[in-house]
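Visitor: Below you'll find the structure I mean.
The values are calculated or read from the model by the stated rules, or taken from the named source; none is laboratory data. The model shown is predicted, which means the values in this text are computed figures rather than measured ones. Because the Cβ atoms are built from the backbone with ideal geometry, glycine has one as well, and the counts that use them run over all protein chains shown.
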Ligand SMILES: *Cc1c(COP(=O)(O)O)cnc(C)c1O
């Protein structure tokens, strides 16, 4: 079976993890945590970064930082990961789900505009598959309405829009190092703080509401409880693992983009014949090969395709179930239809994409995909 995903080990993870162990310091905010944060700040120019235990926790940290209160409205795409909504619901927000765009699963700018009310506190946008959403226009819209913009860049490490890395547009951005992402440490995340005035408080919230980080830097003589907080730190063992992966990031991204391009070239003719749709990369956007998806004409065709591929030992996967239509949120969302979110829920399917995927396997997947779509009955 060709799996959908397989983690890539650089070989250096164990070296740095041993070093962390030998140092005797393996709790959070240690040597490798700082080393990882320094790489992100230097390489991408992020003003301040904090390594966290997950992207979910980084989102929760962002919700705390912008003081979400009962009744605040937060706009986000329905076709997205559940953590994006939970982080704000935990603080009492009302989630206002927006539809995806017609050409890609990212949030539809035009729909966002219609959903802004005096109660809107923030827009949370994600970059699906590491492909930039309409981030500069969203930024303008957020600024004009004096609301926060948060980028869920969980899938978008080392992706760009224009000259700027994704994660540098909103007041905050979050990244994930879950094993399904381009680089990983099992579980881990990062909060990017682009408005420095939040930096100190972010550090305090991550450290259980105490000013321990200042104490460690010898800025104060004792530390105490100064704010609300939680424990959002990643262990330095995780950070050491991540450090090894970060050092090989360029290599990893290059390989993923190469696989992505091979798929695109091999399947382009199916899109030209309008048998499927392929990802659309906006002009000025550089993506990171996070995933490769195709959009089928119907749910029925997608199911048949997934079954067909499984028969030939290839694991493909559909993706999100729209959040607005979930068991938990359906009633709260009400009747407002989000047809594009539904379309991606029903028709999008992802192909295997991981560092060690071999060329003959990619070609096998392309050949099978062509065979399926050139023969399937498209009226069904
Ligand atoms: C993976 C992912 C997350 C969650 O990341 P964790 O590190 O597992 O918490 C959040 N949002 C999006 C868009 C993701 O793809």
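Visitor: On the given criteria, is residue 150 under 30 Å from residue 348 (Cβ atoms), crowded, with 23+ Cβ neighbours inside 10 Å, in contact with a helix residue (DSSP H, G or I) (Cβ under 9 Å, 6 or more places away or on another chain) and not assigned by TED's automatic domain parsing to the domain that holds residue 345?
Guide: Spelling it out, residue 150 is indeed under 30 Å from residue 348 (Cβ atoms), crowded, with 23+ Cβ neighbours inside 10 Å, in contact with a helix residue (DSSP H, G or I) (Cβ under 9 Å, 6 or more places away or on another chain) and not assigned by TED's automatic domain parsing to the domain that holds residue 345.
Visitor: Using the structure shown, decide if residue 321 is at pLDDT 95 or above and over 25 Å from the mean Cα position of the chain (by Cα).
Guide: No.
Visitor: Only one residue in 174, 180, 184 is surrounded by fewer than 18 Cβ atoms within 10 Å (Cβ to Cβ) and within 16 Å of the ligand (Cβ to nearest atom). Which one?
Guide: 180
Visitor: Considering (1) over 16 Å from residue 3 (Cβ atoms); (2) within 22 Å of the chain's Cα centre (by Cα); (3) outside any helix (DSSP H, G or I), say which one residue 340 fails and leave the rest.
Guide: In the conditions (1) over 16 Å from residue 3 (Cβ atoms); (2) within 22 Å of the chain's Cα centre (by Cα); (3) outside any helix (DSSP H, G or I), residue 340 misses (3) alone.
Visitor: May I ask you to list pairs of residues, at least six apart or on different chains, whose Cβ atoms are under 7 Å apart, with the first in the stretch 117-130 being within 18 Å of residue 353 (Cβ to Cβ) and the second being more than 15 Å from the ligand (Cβ to nearest atom) and at pLDDT 95 or above?
Guide: 129/279
Visitor: Also, quick follow-up: Could you please give the count of residues in the stretch 188-236 that are in a helix (DSSP H, G or I), out of contact with any strand residue (DSSP E or B) (no Cβ under 6 Å at 6 or more places or on another chain) and surrounded by 14 or more Cβ atoms within 10 Å (Cβ to Cβ)?
Guide: Here the count works out to 10.
Visitor: What's the total number of residues in the stretch 276-324 that are in a loop (DSSP other than H, G, I, E, B) and buried (at least 20 other Cβ atoms within 10 Å of the Cβ)?
Guide: Number satisfying all stated conditions: 10.
Visitor: Also: Check the stretch 240-261 and report whether any residue there is under 29 Å from residue 22 (Cα atoms) and in contact with a strand residue (DSSP E or B) (Cβ under 8 Å, 6 or more places away or on another chain).
Guide: Within the stretch 240-261 (the criterion being under 29 Å from residue 22 (Cα atoms) and in contact with a strand residue (DSSP E or B) (Cβ under 8 Å, 6 or more places away or on another chain)), the answer is yes, since at least one residue qualifies.
Visitor: Which one is nearest to the chain's Cα centre (by Cα) among residues in the stretch 54-67 that are surrounded by fewer than 24 Cβ atoms within 10 Å (Cβ to Cβ), away from the ligand (no atom under 12 Å from the Cβ) and more than 12 Å from residue 206 (Cα to Cα)?
Guide: 66
Visitor: Tell me, yes or no, whether the stretch 208-230 has at least one residue that is in the same structural domain as residue 35 (by TED's automatic domain parsing), closer than 30 Å to residue 12 by Cα and at pLDDT 95 or above.
Guide: no
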